[in-house]
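A.B. asks: A single structure is presented below for examination.
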Amino acid sequence: MREKRIGVFVCHCGLNIAGSVDVARVVDEIKDYPGVVHAEHYIYMCSDPGQELVRKAIREKNLDGIVMSNCSPSLHQTTFRNLVSSEGVNPYYCEVANIREQCSWPHAGDKETATRKAVAIIKAVIEKLRRNISLIPLVVPLTKRVLVIGAGVAGMQAALDIADGGYEVVLVEKSPYIGGHATQLSGTFPTVDRVPCLVAPLMAKVASHPNIKLYAYSEVEDVSGYVGNFRISIRKKASYVNEEKCNLCGLCFGNCPVKVPSEFDRGLSQRGAIYIPFPEALPQRPVIDTENCLHFNGGDCRACEQICPEGAINFAQQDSIAEEKVGAIIVATGYELFPSDGIAEYASDPDVIDGLQMERILSPSGPTAGEVRRPSDGKVPEQVVFIQCVGSRDPEHGVSYCSRVCCMYVAKQALLYKQAVPAGQAYIFYMDIRSDAKGYEEFVKKVVDEEKVLYLRGRVSKVFRDGDKLKVWGVDTLTGKSIEILADLVVLATAMVPNAGAKELARKLNIISDQYGFITEAHIKLRPVETLTAGIYLAGTAQWPRDLPDTISSASGAASKILSLFSRKELLHDPMVAAVDDEVCSGCGQCVSICSFQAIELDPRKKVARVNEAVCDGCGACAVTCPSKAMRHKNWTARQFFEIIDVATAEYV
């Protein structure tokens, strides 16, 4: 192997490095190190003049190995590799010696130690660089189609942004209709717009867009492949209704003898076993609920089939599997509410309801047509108590996090209640009011000042039935007094939790979910809509509790990432990945089980491991695990590690 001509460039980083490290001394010690033919220092190597110094040295000294001694590789490694590449040097012959975060900062008060350590770090990186091999980025073909999982507001917005950009979107929704929980809402905050006026046009655009292929009442069955080339299996659940024959006459709805609580109205109304969830639902097609249909539970009922004039009912219909190929995936699986029945302090009572049930009561399209009536007897409630943080910020009974939207939707619901029942009184028990977005604080103030809603800072200890009323025991921590209210209706602002099945979906996609089940982003600050699996992105409340503006922003952010990805003809993948020595590999399979990215499989014929380089993330776990040392990491070989260790520990041996 020809000895590399190495140049070392030491950055002052202002005083970030030079304040703790004697950079001139570092250069003096490094310039005579074997293989180094050039060494110099400069105040800011990442600046244009600093980069020009590197260019000049490469040309004049014929350098083919570069060590940049500066800050973390995560900041400027790409900058410097692009720089050396523009001068004809292989970018993987450029390495970064981190003498800021790993040296000058931790040893800010000890210049001698910091300087000696900086020299050792640079020597160690030189030894690694000596044995680096020339690499070329891997070219990965790109399928310019997108899978969006979940057709709530986030999924619909992301799908529309991408479809409007000219790319085909496969949109999968597990329920029979699109729109998500937004279709259940009575209004928005702080403008109190009616949600159907906002969501219905979005739904109509999605349902009719030529670039959107909609799979409603379907679920993702299996996912394989990698960024640019995912293969998706989608289970299309049987609706038992022939969509082409059904003319939506509605005769089957009235003829069905079964009545069960409506999920859309949160149990406040009833539906049949064959149903459309709500009149504006898209797609407009009935489905049969096999869990409650008499025909599917041992009965001989065929009421819907017998009355259908078009013969659209087909009890023999089966689930089917559709296969799709896409290049990227957006997860927008939405949220559910924390079940309040697990909290003993609040009675299980028809007049103790959750936030979405209150939304349906307040909605003009709800079960009471917008009239505020309590579920138990239909009376207009004159005293309504709202309890915030039920299950939120309460690790003992629920979850420890704040659900972010409760403070504002409770204020909105109190406002709408007062507008519907002017003589009524609304009480809100709260811990803290978190009105932290544009117009939110002013909205809460308006609710207090104009609608005379009474805010009480404190927890509610118990809610129980007392005759025709609900007795609420609480405390006002501002006055230190106990409070007892005889309420007609109690609304619990329960925690927002991940959608059921989110963890199982994360397993299929090979992405990470947190302790609660929300999907985890790659970096909460720098990569907030990406996952650690390349090509898979996040939108809306699949990631964390959000209100509508934040949800739409995150969806458009994920869509913009994919549009940027699709702007290329093909993908380039980092070639610093795992490789197998076939002659040494015993085919034990330990590397297969340890790989978090599912990038390794056993060749069934040769009985050796095979690495899918397009999927491999270069983490090195397989190389560490391999008992026969057949698995190695390109440019991070065992020999390189040993050389680094020898240099780094030379002072102590």
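The values are calculated or read from the model by the stated rules, or taken from the named source; none is laboratory data. Computed from a predicted structure; not experimentally measured. Every residue, glycine among them, receives a Cβ derived from its backbone with ideal geometry; neighbour counts consider all protein chains shown. The protein model used for the area step is the full one, side chains on, heavy atoms only, and it has no ligands, DNA or RNA in it. Shrake-Rupley method; radii C 1.70, N 1.55, O 1.52, S 1.80 Å.
A.B. asks: Looking only at residues that are in a loop (DSSP other than H, G, I, E, B) and of a type in the set (Gly, Ala, Ser) in the stretch 252-283, which one is surrounded by the fewest Cβ atoms within 10 Å (Cβ to Cβ)? I'd like the intermediate steps shown before the answer.
C.D. replies: The first filter runs over the stretch 252-283 and keeps only residues in a loop (DSSP other than H, G, I, E, B), leaving 256-259, 262-269, 272-273, 276-283.
Next, only the ones that are of a type in the set (Gly, Ala, Ser) stay: 262, 267, 269, 272-273, 281.
Values: Ser262: 18, Gly267: 17, Ser269: 15, Gly272: 22, Ala273: 25, Ala281: 20.
My answer is Ser269.
A.B. asks: So how many residues does the stretch 76-100 have that are among the charged types (D, E, K, R), assigned to a helix (DSSP H, G or I) and more than 21 Å from Glu29 (Cβ to Cβ)?
C.D. replies: Here is the first cut: in the stretch 76-100, the residues among the charged types (D, E, K, R) are 81, 87, 95, 100.
Then drop every residue that is not assigned to a helix (DSSP H, G or I), which leaves 81, 100.
From the residues that got through so far, the ones that are more than 21 Å from Glu29 (Cβ to Cβ) too are 81.
So the count comes out to 1.
A.B. asks: Something else: Quickly run through the stretch 424-452 and pick out the residues that are without any contact (Cβ under 8 Å) to a residue 12 or more places away in the chain and part of a helix (DSSP H, G or I).
C.D. replies: Within the stretch 424-452, Glu441, Lys445, Val448, Asp449, Glu450 meet the criteria.
A.B. asks: Restricting attention to the stretch 182-202, which residues are within 16 Å of Phe278 (Cα to Cα) and in contact with a helix residue (DSSP H, G or I) (Cβ under 7 Å, 6 or more places away or on another chain)?
C.D. replies: Ala182, Thr183, Gln184, Leu185, Ser186, Val195, Val199
A.B. asks: Being open to solvent by less than 20 Å² (accessible area, probe 1.4 Å), in a strand (DSSP E or B) and closer than 16 Å to Pro283 by Cα is the requirement here; does Val199 meet it?
C.D. replies: On the way: open to solvent by less than 20 Å² (accessible area, probe 1.4 Å): yes; in a strand (DSSP E or B): no; closer than 16 Å to Pro283 by Cα: yes.
In short, no.
A.B. asks: If I ask for residues that are under 19 Å from Asp110 (Cα atoms) and open to solvent by 70 Å² or more (accessible area, probe 1.4 Å), which ones from the stretch 26-43 would you list? Spell out the reasoning first.
C.D. replies: Within the stretch 26-43, the subset under 19 Å from Asp110 (Cα atoms) is 26-27, 29.
Once the filter is applied, which keeps residues that are under 19 Å from Asp110 (Cα atoms) and open to solvent by 70 Å² or more (accessible area, probe 1.4 Å), the stretch 26-43 yields only Glu29.
A.B. asks: Could I ask something else about it? Using beta carbons and a limit of 7 Å, which pairs, at least six apart or on different chains, have the first residue in the stretch 45-56 and over 19 Å from Ile17 (Cβ atoms) and open to solvent by 50 Å² or more (accessible area, probe 1.4 Å) and the second one at pLDDT 95 or above and among the charged types (D, E, K, R)?
C.D. replies: Partner pairs satisfying both residue conditions: Arg55/Glu87.
Residues checked against (1) touching a residue at least 24 places away in the same chain (Cβ under 8 Å); (2) over 20 Å from His573 (Cα atoms); (3) of a type in the set (Gly, Ala, Ser):
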{"position": "His76", "(1), (2), (3)": "yes, no, no"}
{"position": "Asn82", "(1), (2), (3)": "no, no, no"}
{"position": "Glu87", "(1), (2), (3)": "yes, yes, no"}
{"position": "Tyr93", "(1), (2), (3)": "yes, no, no"}
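A.B. asks: Considering the stretch 59-75 alone, what residues qualify as being within 19 Å of Ala39 (Cα to Cα) and part of a helix (DSSP H, G or I)? Talk me through it step by step, then tell me what you get.
C.D. replies: Within the stretch 59-75, the subset within 19 Å of Ala39 (Cα to Cα) is 59-71.
Result: Arg59, Glu60, Lys61.
A.B. asks: Would you check if Asp300 is over 30 Å from Asp547 (Cβ atoms), out of contact with any Leu (no Cβ under 7 Å at 6 or more places or on another chain) and acidic (Asp, Glu)? Give the derivation first.
C.D. replies: Numbers: over 30 Å from Asp547 (Cβ atoms): yes; out of contact with any Leu (no Cβ under 7 Å at 6 or more places or on another chain): yes; acidic (Asp, Glu): yes.
Judged against the criteria, Asp300 is a match.
A.B. asks: Checking the conditions here, which among Ala579, Ala559, Ala599, Ala555 is open to solvent by less than 30 Å² (accessible area, probe 1.4 Å) and in contact with a His (Cβ under 9 Å, 6 or more places away or on another chain)? Lay out the reasoning, then the answer.
C.D. replies: Values: Ala559 fails: in contact with a His (Cβ under 9 Å, 6 or more places away or on another chain); Ala599 fails: in contact with a His (Cβ under 9 Å, 6 or more places away or on another chain); Ala555 fails: in contact with a His (Cβ under 9 Å, 6 or more places away or on another chain).
Unique residue meeting the criteria: Ala579.
A.B. asks: Here is a further query. Of the residues in the stretch 575-603, how many are out of contact with any Cys (no Cβ under 8 Å at 6 or more places or on another chain) and closer than 28 Å to Ala506 by Cβ?
C.D. replies: Number of matching residues: 7.
A.B. asks: Of all the residues that make up the stretch 202-242, how many are under 20 Å from the mean Cα position of the chain (by Cα) and exposed (fewer than 15 other Cβ atoms within 10 Å of the Cβ)?
C.D. replies: Narrowing the stretch 202-242 to residues under 20 Å from the mean Cα position of the chain (by Cα): 219-228, 230, 232.
Still in the list and also exposed (fewer than 15 other Cβ atoms within 10 Å of the Cβ): 222, 224.
Residues in the stretch 202-242 being under 20 Å from the mean Cα position of the chain (by Cα) and exposed (fewer than 15 other Cβ atoms within 10 Å of the Cβ): 2 in total.
A.B. asks: Filter the stretch 462-499 for residues that are acidic (Asp, Glu) and either closer than 19 Å to Arg374 by Cα or touching a Gly at 6+ places or on another chain (Cβ under 6 Å) (or both) and give the result. Outline the logic, then answer.
C.D. replies: Our first condition is that a residue be acidic (Asp, Glu); within the stretch 462-499, this holds for 466, 468, 476, 484, 488.
Residues satisfying the conditions are Asp466, Asp468, Asp476, Asp488.
A.B. asks: Still on this structure, please answer the following. Given the criteria at pLDDT 95 or above, more than 16 Å from Ala493 (Cβ to Cβ), surrounded by fewer than 20 Cβ atoms within 10 Å (Cβ to Cβ) and under 36 Å from the mean Cα position of the chain (by Cα), does Glu441 qualify? Give the derivation first.
C.D. replies: Values: at pLDDT 95 or above: yes; more than 16 Å from Ala493 (Cβ to Cβ): yes; surrounded by fewer than 20 Cβ atoms within 10 Å (Cβ to Cβ): yes; under 36 Å from the mean Cα position of the chain (by Cα): yes.
Yes; evaluated as a whole, the condition is true for this residue.
A.B. asks: A further question on this structure: Can we say Ser392 is closer than 27 Å to Gly155 by Cβ, open to solvent by less than 20 Å² (accessible area, probe 1.4 Å), within 28 Å of the chain's Cα centre (by Cα) and touching a residue at least 40 places away in the same chain (Cβ under 8 Å)?
C.D. replies: Values: closer than 27 Å to Gly155 by Cβ: yes; open to solvent by less than 20 Å² (accessible area, probe 1.4 Å): yes; within 28 Å of the chain's Cα centre (by Cα): yes; touching a residue at least 40 places away in the same chain (Cβ under 8 Å): yes.
Spelling it out, Ser392 is indeed closer than 27 Å to Gly155 by Cβ, open to solvent by less than 20 Å² (accessible area, probe 1.4 Å), within 28 Å of the chain's Cα centre (by Cα) and touching a residue at least 40 places away in the same chain (Cβ under 8 Å).
A.B. asks: Within the stretch 61-114, how many residues turn out to be touching a Ser or Thr at 6+ places or on another chain (Cβ under 8 Å), hydroxyl-bearing (Ser, Thr, Tyr) and open to solvent by less than 10 Å² (accessible area, probe 1.4 Å)?
C.D. replies: Matching residues across the stretch 61-114 total 1.
A.B. asks: So which of Pro364, Pro381 is assigned to a loop (DSSP other than H, G, I, E, B) and open to solvent by 10 Å² or more (accessible area, probe 1.4 Å)?
C.D. replies: On the way: Pro381 fails: open to solvent by 10 Å² or more (accessible area, probe 1.4 Å).
Selected residue: Pro364, the only one of Pro364, Pro381 that is assigned to a loop (DSSP other than H, G, I, E, B) and open to solvent by 10 Å² or more (accessible area, probe 1.4 Å).
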